[in-house]
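The values are calculated or read from the model by the stated rules, or taken from the named source; none is laboratory data. These numbers come from a predicted model, not from an experiment. As a convention, Cβ positions derive from the backbone with ideal geometry for all residues, glycine included, and neighbour counts pool all protein chains shown.
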Amino acid sequence: MGVLIALFGVGVAYASTVAVQRSSVLAAAGEKSALLRLGADPLVDVNLWWLVSVAGGVVLVVSGMVIAVRSARWPGMSGRYERAAPRRVAEDDPSAMWKSLDRGEDPTAHERS
């Protein structure tokens, strides 16, 4: 999972960097700009918000690498979360009949014998 998160971070950082390059901006604007179709050479200026996206990608890469390296030493789930073997419910429990039906047992079987 850590490697996958790190790869997503690399993708975010790469896509953010490529998206603000002059050729990408002109390609995206070329479909909407009549001046570009006429051969104009506009000045391309982008704001610095793309750096926030790159920083987020770097955080994902670092986090993914930490997860990949250290996750084997993290504690797992304790035994109390394991599925326990079904227990017999005491006969004085009012819900015993319903629980036995949920398990697929016939609660009246002991009365017929």
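Assorted remarks:
- Scanning the range 14-22 turns up no residue that is surrounded by 11 or more Cβ atoms within 10 Å (Cβ to Cβ), modelled with pLDDT under 70 and not hydroxyl-bearing (S, T, Y).
- Residue check for D45: farther than 20 Å from L4 by Cβ, exposed (fewer than 11 other Cβ atoms within 10 Å of the Cβ), out of contact with any Asp or Glu (no Cβ under 9 Å at 6 or more places or on another chain) and modelled with pLDDT under 70: no
- A6 vs. criteria modelled with pLDDT under 70 and not charged (D, E, K, R): no
- Failed condition for A90, given (1) modelled with pLDDT of 70 or more; (2) farther than 30 Å from M1 by Cβ; (3) in a loop (DSSP other than H, G, I, E, B): (1)
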